[in-house]
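A.B. asks: I'd like to ask some things about the structure below.
The values are calculated or read from the model by the stated rules, or taken from the named source; none is laboratory data. Only a predicted model underlies this, so the values are computations on that prediction, with no experimental measurement involved. We place every Cβ from the backbone using ideal geometry, glycine too, and count neighbours over all the protein chains shown. Accessible surface areas use protein heavy atoms only, side chains included; no ligands, DNA or RNA. Shrake-Rupley method; radii C 1.70, N 1.55, O 1.52, S 1.80 Å.
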Amino acid sequence: MKQRFFHGACLLLLLLVAAGCSMSQTPQVRLTALATQKDICRVAVLPFINETDRETAAVQAYRIFMAELVASGNYHVVPEGEIYFFRHRNRLRLGEPLDSTLFKELVQQIGVDTLLRGRVIALEERRSLSGNLPYCALQVDLVSAENGELLASSYHSRSGEEYQKLLHFGTIRTKSDLLAQVSREIIEVWKKKGLSHCSEE
């Protein structure tokens, strides 16, 4: 009787763990009315803004998000070097916003439909039953290259523990891997919401 109760309790616990892990949090994406009227294909990714205590967080998130954007095949992404040289030529510090004149100049120079700007709100390690695991929170916006108006605003936060399936399998243990996963999830939602207008070749 006790053995049957023990097995039943273990089965219930496993079901609860599996259910908890399956309830994945999806990115919060809000579209403006302009998003449906704009062609979103050629995208320039601006350097991310860092709101964490970790000095390299913005550069790491920026490069990983850009790599995932390219890998998705949903957009034509302007190479990082073009944005870097423009900012360097105009002596813009990292995180310094573009004024209206520089915004127009950049858009004319690189010929894009959309600019992507991002903020790293959190990138840290948190204690869990599986040890110290990464946690991140990103805010990523798409703005019109024509006038700088917001097209879509996206927020997403996840911890490595949320991907745990059974016996710690699936757990994400590094910040880089978590940033890549979070980036993919945001990009997938954009695709589902029709925020990619590149014609298939």
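A.B. asks: Placing unit charges on C-beta atoms (Lys and Arg positive, Asp and Glu negative, everything else neutral), compute the dipole magnitude of region 65-165 about its Cα centre in debye, rounded to 20.
C.D. replies: Working: 11 positive and 14 negative charges, 63 e Å.
Taking the Cα centre of region 65-165 as origin, the dipole is about 300 debye.
A.B. asks: Please sort by residue number the chymotrypsin sites (Phe, Trp or Tyr not before Pro) in region 104-201 whose DSSP state is loop and whose Cβ has at most 16 other Cβ atoms within 10 Å. Don't skip to the answer; put the middle values down first.
C.D. replies: Working: sites: Tyr135, Tyr155, Tyr163, Phe169, Trp190; in loops: Phe169.
Passing both the DSSP loop test and the Cβ count: Phe169.
A.B. asks: Could you tally the net charge around Gly160, taking each other residue with its Cβ under 13 Å from the Cβ of Gly160, Lys/Arg +1 and Asp/Glu -1?
C.D. replies: Details: positive: Arg126, Arg127, Arg158, Lys165, Arg173, Lys175; negative: Glu124, Glu125, Glu161, Glu162, Asp177.
Counting the neighbours of Gly160, the net charge comes to +1.
A.B. asks: Kindly provide the trypsin sites (Lys or Arg not before Pro) of region 17-111 that DSSP labels as loop, not H, G, I, E or B, and whose Cβ sees at most 15 other Cβ atoms within 10 Å.
C.D. replies: On the way: sites: Arg30, Lys38, Arg42, Arg54, Arg63, Arg87, Arg89, Arg91, Arg93, Lys104; in loops: Lys38, Arg54, Arg91, Arg93.
Taking region 17-111 and a limit of 15 other Cβ atoms within 10 Å, the loop trypsin sites (Lys or Arg not before Pro) found are Arg54, Arg91, Arg93.
A.B. asks: In whole percent, how big is the carbon plus sulfur part of the accessible area of region 63-201, probe 1.4 Å, protein atoms only? Could you put the intermediate results ahead of the total?
C.D. replies: Details: 3720 of 7530 Å².
Carbon and sulfur atoms account for 49 percent of the accessible area of region 63-201.
A.B. asks: Could you check the simple spin-label distance between Arg30 and Arg93, using points 7 Å along Cα→Cβ, in nm with one decimal?
C.D. replies: Each label point is offset 7 Å from its Cα along the Cβ direction, giving 3.0 nm.
A.B. asks: Between Lys192 and Ser72, what is the spin-label point distance in nm, taking each point 7 Å from the Cα along the Cα→C-beta axis?
C.D. replies: Rounded to a tenth, the inter-label distance reads 1.3 nm.
A.B. asks: In the neighborhood of Ile186, defined by Cβ-to-Cβ distances under 12 Å, what is the net charge if each Lys or Arg adds +1 and each Asp or Glu adds -1? Walk me through the intermediate numbers first.
C.D. replies: Values: positive: Arg158, Arg184, Lys191, Lys192, Lys193; negative: Glu68, Asp141, Glu185, Glu188.
Local net charge: +1.
A.B. asks: Now for a separate question. What nm value, rounded to one decimal, do you get for the distance between Leu102 and Arg173 when each label is placed 7 Å out toward the C-beta?
C.D. replies: Placing both labels 7 Å along Cα→Cβ, they lie 4.2 nm apart.
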